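Here is the structure we will look at.
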Amino acid sequence: MTPVWEDTFDAAQKRTEDTRRKMFIDSIREKIPAIDPSLAFLTPTEVADAMVSNETIVAYHDRLKGYEAPGGDLALLFPDTDHKPWTKGGTDALSYRNLHTSLKNLNLEERIHLFTISPMLGIVPSEWYGTMPMYDCSGVQSFMVKRRGLTWNADDFRRVVSMSADLMVDFLRRNHSRYSRWHIIYRDPSVHQRILESVMDKQPFSIWPHTSKRSLADSYLTIRSIIKEISEG
C-alpha cells in the first residue's frame, strides 16, 4: 500500500505541473492571441495523444481526407510556424510575410499553390488558413520542451513524425498528379525535414527540395531567391 505522504507528494507535484503548464499557455496566448488555448500541446506526448483523440484535430484530419486540390503548374510545401494565422496581409509570422511578399513581387501568386506542412495537422491548404484549428504544437521542439522543464519523450516524438508522414502520404497520393511539379522548402535540420524523410521512406514522391540553414523568418532575400529558382526550374 502506497504511504499517504507519497500520495500527498504526487498530488502536490501534479498541481505544480498544472500551474506551470497554465503559465506557459498564458504566455503563448499573450504572444500569439489567435491560438486556441485548448489546442496548445507542450510535449511530444501531448501532441501525439491529441492527434488520435482530440476531437478538433481528428475532425480536421477527416476533413483533409476529402480535400481535392484545384491543380495547376506548381505546388509548394512550406513549413508551419508558431505564429498564426498565416493569411496574406494578416500574418505576424515573418516567414509567411517573406513568402507572401516574394510571391507577389515575382508575380507568382496565381502560378504557385501553397500548402503548409504541419506536424499536427499534416497538410494545410492555403485556402484553409482562415478556418484551420489555431493550434500550438511547440511540444515537438525539443529545445522548447526542455527549456520549460517538461518531459521530452523521444518515442512519442517519432510517433508524431510517423503520423504526420502518414497524413502527408495520403494527401499526396490523392493530389500529387494534379500539379506539374511539387517543391518543398524547409530548414535543415527541422521536424519538417524529419517528416519529409519519413514520407519518402513510406512512399517516394517526386518533390524538389530547397533547404536553408538559416531560419526562414530571417531573410526575405533568401526566400525570394528560392521562389525565383522554383519558378525558373
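The values are calculated or read from the model by the stated rules, or taken from the named source; none is laboratory data. All of these numbers come straight from a predicted model, not from anything done at the bench. No Cβ is skipped: glycine too gets one built from the backbone with ideal geometry, and neighbour counts run over all protein chains shown.
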- Task: Within region 104-122, count every residue that is surrounded by fewer than 21 Cβ atoms within 10 Å (Cβ to Cβ) and over 21 Å from Gly233 (Cβ atoms).
- Result: 0
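What do you reckon, is Trp182 part of a loop (DSSP other than H, G, I, E, B) and either surrounded by 15 or more Cβ atoms within 10 Å (Cβ to Cβ) or within 15 Å of the chain's Cα centre (by Cα) (or both)?
Criteria not met by Trp182.
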- Kindly indicate whether Asp156 is touching a helix residue (DSSP H, G or I) at 6+ places or on another chain (Cβ under 6 Å), surrounded by 18 or more Cβ atoms within 10 Å (Cβ to Cβ) and more than 27 Å from Asp201 (Cβ to Cβ). no
- Query: Take the residues of region 218-233 that are in contact with a helix residue (DSSP H, G or I) (Cβ under 9 Å, 6 or more places away or on another chain) and assigned to a loop (DSSP other than H, G, I, E, B): which is nearest to Asn107 (Cα to Cα)?
  - Reply: Ser219
- Query: So is Leu172 more than 17 Å from Tyr60 (Cβ to Cβ), among the aliphatic types (A, V, I, L, M), in a helix (DSSP H, G or I) and touching a residue at least 60 places away in the same chain (Cβ under 8 Å) or not?
  - Reply: no
- Residues (of a type in the set (Asp, Glu) and more than 12 Å from the chain's Cα centre (by Cα)) located in region 119-167: Glu127, Asp155, Asp156, Asp166
- Message: Can you tell me how many residues within region 8-32 are of a type in the set (Asp, Glu) and more than 18 Å from Thr151 (Cα to Cα)?
- Response: 2
- Query: What pairs come up if the first residue lies in region 36-49 and is of a type outside the set (Asp, Glu), the second is in a loop (DSSP other than H, G, I, E, B) and modelled with pLDDT under 95, and their beta carbons are under 8 Å apart, counting only those six or more places apart or on different chains?
  - Reply: Leu42/Arg148; Leu42/Leu150; Thr43/Leu150; Thr43/Thr151; Thr45/Thr151
- Message: Residue under question is Ser206, and the condition is that it be part of a loop (DSSP other than H, G, I, E, B) and modelled with pLDDT of 95 or more; does it hold?
- Response: yes
- Listing of helices (runs of 4 or more DSSP H) fully contained in region 1-103 that carry 2 or more residues being surrounded by 12 or more Cβ atoms within 10 Å (Cβ to Cβ) and modelled with pLDDT under 95: 4-31
- Task: For region 141-155, indicate whether the set of residues that are without any contact (Cβ under 8 Å) to a residue 12 or more places away in the chain, in a loop (DSSP other than H, G, I, E, B) and of a type outside the set (Ser, Thr, Tyr) is non-empty.
- Result: no
